[in-house]
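Novice: Take a look at this one; I'll ask things after.
The values are calculated or read from the model by the stated rules, or taken from the named source; none is laboratory data. These numbers were taken from a predicted model, which means no experiment stands behind them. We place every Cβ from the backbone using ideal geometry, glycine too, and count neighbours over all the protein chains shown. For accessibility, only protein heavy atoms count, side chains too; no ligands or nucleic acids. Shrake-Rupley method; radii C 1.70, N 1.55, O 1.52, S 1.80 Å.
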Amino acid sequence: MRNESLVSITDYSKEEILEVLETARLFEKNPNRRVLEGKVIATLFFEPSTRTRLSFETAVNRLGGRIIGFSDASTTSSTKGETLKDTIMMVSNYVDLIIMRHYLDGAACYAAEVSPKPLINAGDGSNQHPSQTMLDLYSIYKTQGTLENLNITMVGDLKYGRTVHSLLMAMSHFHPTFHFVAPDELKMPEEYKIYCDKLGIPYVEHHDFTEEIINQADILYMTRVQRERFTDLMEYEKVKNVYTLRNAMLAGSKDNLRILHPLPRVNEIAYDVDDNPKAYYFEQAKNGLYARQAIICKVLGIKIED
Amino acid sequence: METTDKKLQVAALANGTVIDHIPSEQLFKVVSLLRLDQIDKSVTIGNNLCSKLIGKKGIIKIADTFFKEEEINRIAILAPNAKINIIKDYEVIHKQQVSLPDELHDIIRCANPKCITNNEPMATRFEVIDKEQVVVKCCYCEQSISKDAIKIK
Ligand SMILES: [Zn+2]
């Protein structure tokens, strides 16, 4: 894989993560810096994702770059049977950077291997989505003033939710304590617990979502519990409301607690939480712009000064 | 004594490679993994022979053929106890146990149907994460496959 491409958050060391977060902070102060003047960026979305695409395209526009690409695979040559490699080779003739979303697992790693131009993974199947992780990290960094020694409580679908797995691995540099709150069917997979064990990171698993757990947390990371993940629909009906956060449950929580959610939500955060100053999920999405601007600059080797 | 026993089971070899202690049910997979169906040298195959070590075993003798270490080690995924004997002038000049390499290049198929490797004409790559239990991890989709679910490409 080309060094400068970003396929997985694990491509970055602790120092590189902190460097990107610092750049994101500068972009939040001033998002309009025309450092991509004269550059062309491809946004190749083999699977539609309006939210992620608009965030990346806004990032490029505010940096003064131009965009080519497509937002849906049905309009591209891959429906005519062209391979991913051929599409990447063709596009890389025209652009300085490729931002790609793909419906297949591992597509980003392969595309980065064959691409002569650097590539940013904007999500590959159910595998990796590093810009989401970077904006999560930036949101934590900004609201807590640090990434070190935090209590990170993850709630909901911890089995299939790729955002929690990437966040877990990225946070592992910063001495966290994890709490995993999930129904049995959606528990944190063994491999991530082994990963924590190897690094000596403490974690506690919970079945019930209680105020006692909430009251210790610095970050409450909520995820969607999706019906289609359950083999037993009775089980889904039983748990679907158990992992819903309601405003009353936050009465005894810490002042610095912030509630994150990768969005869109279904019913895991009640609407009465939205007005609580500890609700951070809408700002979190906005931080995606600064995090993505910072990632683009990092991948292209562009340094941002104050 | 032991070598004469072997000569009785399968004809002797003047020069070449003997692969012994292959589990019987894996024998023909080993044949295709090493592409022995495509070579023009004489290949002698014995199967369902008695083995104290693994019950029923298979043995393959390939005349005038010597494999590179990484080539022959690929069969460890099918036959972890296989022993390789290099024969020159009817003498065993080198004996060796196969050992699983750290990475498997284009040998096995990913078990994840949504993996890019199953949807694009490309080589697969797996990292061996547990040599004892034989667990491998796809370098692309990052899913792990354990021994029983491993399928040869
Ligand atoms: Zn795979």
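Novice: Take the solvent-accessible surface of the protein heavy atoms, probe 1.4 Å, and return the percent of it on segment B:16-97 that carbon and sulfur atoms account for. Show your work: numbers first, answer last.
Specialist: Working: 2160 of 4440 Å².
Carbon-and-sulfur percentage of accessible area, whole number: 49.
Novice: Separate question: What residues in segment B:105-121 lose 40 Å² or more of accessible surface when the other protein chains are added to their chain alone (1.4 Å probe)?
Specialist: Buried on complex formation: B:LYS114, B:ILE116, B:GLU120.
Novice: Residue separation times 0.36 nm, minus the C-alpha to C-alpha distance between B:LYS151 and B:ILE39: what's the value? Don't skip to the end; give the middle numbers.
Specialist: Details: separation 112, 0.36 × 112 = 40.32 nm, distance 2.30 nm.
Separation in residues times 0.36 nm, less the Cα-Cα distance, equals 38.0 nm.
Novice: For the pair A:HIS206/A:GLU22, report the inter-label distance in nm, with labels modelled 7 Å from Cα in the Cβ direction.
Specialist: Result for the modelled spin labels: 3.6 nm.
Novice: Counting alpha carbon pairs within less than 8 Å and at least 6 residues apart, what relative contact order, in whole percent, applies to chain B? Numbers along the way, then the final one.
Specialist: Numbers: 287 pairs, mean separation 31.4, N = 153.
Reported as a whole number, the value is 21 percent.
Novice: Counting GluC sites (Glu not before Pro) as exposed when in a DSSP loop with at most 13 other beta carbons within 10 Å, what is the longest stretch of chain A free of them?
Specialist: Values: sites that count: A:GLU37, A:GLU82, A:GLU148, A:GLU305.
By the stated rule (loop sites, at most 13 other Cβ atoms within 10 Å), A:149-304.
Novice: Give the interface area between chains A and B as buried accessible surface, both sides summed, probe 1.4 Å, in Å² to the nearest 100.
Specialist: Values: alone 13370 and 9150 Å², together 21360 Å².
Interface area, both chains combined: 1200 Å², rounded to the nearest 100.
Novice: Give me the Debye-computed log₁₀ of I(q)/I(0) at q = 0.10, 0.14 Å⁻¹ for chain A, equal point scatterers on Cα only, no solvent, two decimals.
Specialist: These q points yield log10 I(q)/I(0) values of -0.56, -1.07.
Novice: Now for a separate question. Given charges of +1 on the Cβ of Lys and Arg and -1 on the Cβ of Asp and Glu, with all other atoms neutral, how large is the dipole of chain A about its Cα centre, in debye to the nearest 20? Mind dumping the intermediate values first?
Specialist: Details: 35 positive and 42 negative charges, 198 e Å.
Using only the charged Cβ atoms, the result is roughly 960 debye.
Novice: Sticking with this structure for a sec: Rounded to the nearest 20 debye, what is the charge dipole size of segment A:31-128 about its Cα centre when +1 sits on each Lys and Arg Cβ and -1 on each Asp and Glu Cβ? Display every interim value, and only then the final one.
Specialist: On the way: 11 positive and 10 negative charges, 92 e Å.
Computed charge dipole of segment A:31-128: roughly 440 debye.
Novice: Using the alpha-carbon centroid of each, what span in Å lies between segment B:57-127 and segment A:281-306?
Specialist: Measuring centre to centre over Cα atoms gives 46 Å.
Novice: What is the distance in Å between the Cα centres of segment A:166-212 and segment A:213-243?
Specialist: 15 Å
Novice: Right, something else. Please report, largest first and rounded to whole Å, the three semi-axes of the ellipsoid equivalent to segment A:170-290, where each semi-axis is the square root of five times an eigenvalue of the C-alpha gyration tensor.
Specialist: Result for segment A:170-290: semi-axes of 22, 21, 15 Å.
Novice: Solvent-accessible area per residue for the protein assembly as shown at a 1.4 Å probe radius, Å²?
Specialist: Working: 21360 Å² over 459 residues.
Here the residues of the protein assembly as shown average 47 Å² of exposed surface.
Novice: Taking only DSSP H segments of four or more residues, each worth -39500 (n - 2.57), what value at 222 nm results for chain B once the sum is divided by all its residues, to the nearest 500 deg cm²/dmol? Could the numbers behind the result be given before it?
Specialist: Values: 3 runs with 20 residues, N = 153.
That comes out to -3000 deg cm²/dmol.
Novice: Would you mind telling me the share, in percent, of accessible area of chain A contributed by carbon and sulfur at probe 1.4 angstrom?
Specialist: The value for chain A is 48 percent carbon and sulfur by accessible area.
Novice: Shifting gears a bit: Magnitude of the Cβ-charge dipole of segment A:131-285, K/R +1 and D/E -1, about the Cα centre, nearest 20 debye? Walk me through the intermediate numbers first.
Specialist: Details: 16 positive and 23 negative charges, 64 e Å.
Value, rounded to 20: 300 debye.
Novice: With contacts defined as alpha carbon pairs under 8 Å and 6 or more residues apart, what's the relative contact order of chain A in percent? List each step's numbers first, then the result.
Specialist: Details: 573 pairs, mean separation 62.2, N = 306.
Across chain A, relative contact order equals 20 percent.
Novice: Name the residues of segment A:266-306 whose amide N is less than 12 Å from a point 7 angstrom out from the Cα of A:SER13 along the C-beta direction?
Specialist: Label zone hits: none.
Novice: Go ahead and run the numbers for FRET between B:ALA14 and A:THR177, Cβ-Cβ distance against an R0 of 60 Å, rounding to 0.05. Mind dumping the intermediate values first?
Specialist: Working: r = 67 Å, r/R0 = 1.12.
For R0 = 60 Å, the calculated efficiency reads 0.35.
Novice: To continue, here is another question. For chain B, restrict the atom set to alpha-carbon positions and state the Rg and Dmax in Å.
Specialist: Both quantities, over Cα of chain B: 16.5, 54 Å.
Novice: Beyond a 31 Å Cα-Cα separation, which of these cross-linked pairs lie in this structure: A:LYS159/B:LYS131; A:LYS159/A:LYS278; A:LYS117/A:LYS187; B:LYS56/B:LYS131; B:LYS114/B:LYS147?
Specialist: Values: A:LYS159/B:LYS131 26 Å; A:LYS159/A:LYS278 26 Å; A:LYS117/A:LYS187 39 Å; B:LYS56/B:LYS131 23 Å; B:LYS114/B:LYS147 20 Å.
Long pairs (Cα-Cα over 31 Å): A:LYS117/A:LYS187.
Novice: Continuing with this model, one more query. Excluding the sites themselves, what is the longest stretch of chain B that contains no chymotrypsin sites (Phe, Trp or Tyr not before Pro) in a DSSP loop with at most 15 other C-beta atoms within 10 Å? Mind showing how you got there, number by number?
Specialist: Values: sites that count: B:PHE66, B:TYR90.
It works out to B:1-65.
Novice: Further question: What Rg and what Dmax come out for segment B:16-97 when only alpha-carbon atoms are used, in angstroms?
Specialist: 11.7, 32
Novice: Output wanted: per-residue J couplings in Hz (rounded whole) for segment A:137-147, from phi through Karplus 6.51 cos²θ - 1.76 cosθ + 1.60, θ = phi - 60°, x for Gly and Pro.
Specialist: 5, 5, 5, 5, 4, 5, 7, 9, x, 7, 10
Novice: At 7 Å along the Cα-to-beta-carbon direction for both A:ASN149 and A:MET234, put a label point, then send me their distance in nm to one decimal.
Specialist: 4.8 nm
Novice: Report, please, the projected area of segment B:103-152 averaged over directions, based on the convex hull of its C-alpha atoms, in nm². Walk me through the numbers on the way to the answer.
Specialist: Working: hull surface 11.9 nm².
Mean projected area of the Cα convex hull: 3.0 nm².
Novice: If you don't mind, another one. On a 1.4 Å probe surface of the protein chains, which of B:VAL136, B:VAL92 comes out largest in accessible area, and what is the full order? Walk me through the numbers on the way to the answer.
Specialist: On the way: B:VAL136 0, B:VAL92 65 Å².
Descending order: B:VAL92, B:VAL136.
Novice: Okay, moving on. Subtract the Cα-Cα distance of A:LYS303 and A:ASP275 from 0.36 nm times their separation in residues, and report this length gain in nm to one decimal.
Specialist: Details: separation 28, 0.36 × 28 = 10.08 nm, distance 3.77 nm.
The span from A:LYS303 to A:ASP275 would gain 6.3 nm if fully extended.
Novice: Largest first and in whole Å, what are the equivalent-ellipsoid semi-axes of segment A:31-128 based on the Cα gyration tensor, each being the root of 5 times an eigenvalue?
Specialist: Working: eigenvalues 92, 43, 30 Å².
Result for segment A:31-128: semi-axes of 21, 15, 12 Å.
Novice: Sticking with the crude label model, points 7 Å out along Cα→Cβ, report the distance from A:ASN247 to A:VAL266 in nm, one decimal please.
Specialist: Distance between label points: 2.5 nm.
Novice: Can you give the angle from 0 to 90° between the axis of helix A:190-199 and the longest principal axis of chain A, with both taken from C-alpha atoms, to the nearest 10?
Specialist: Helix A:190-199 and the main axis of chain A meet at about 90 degrees.
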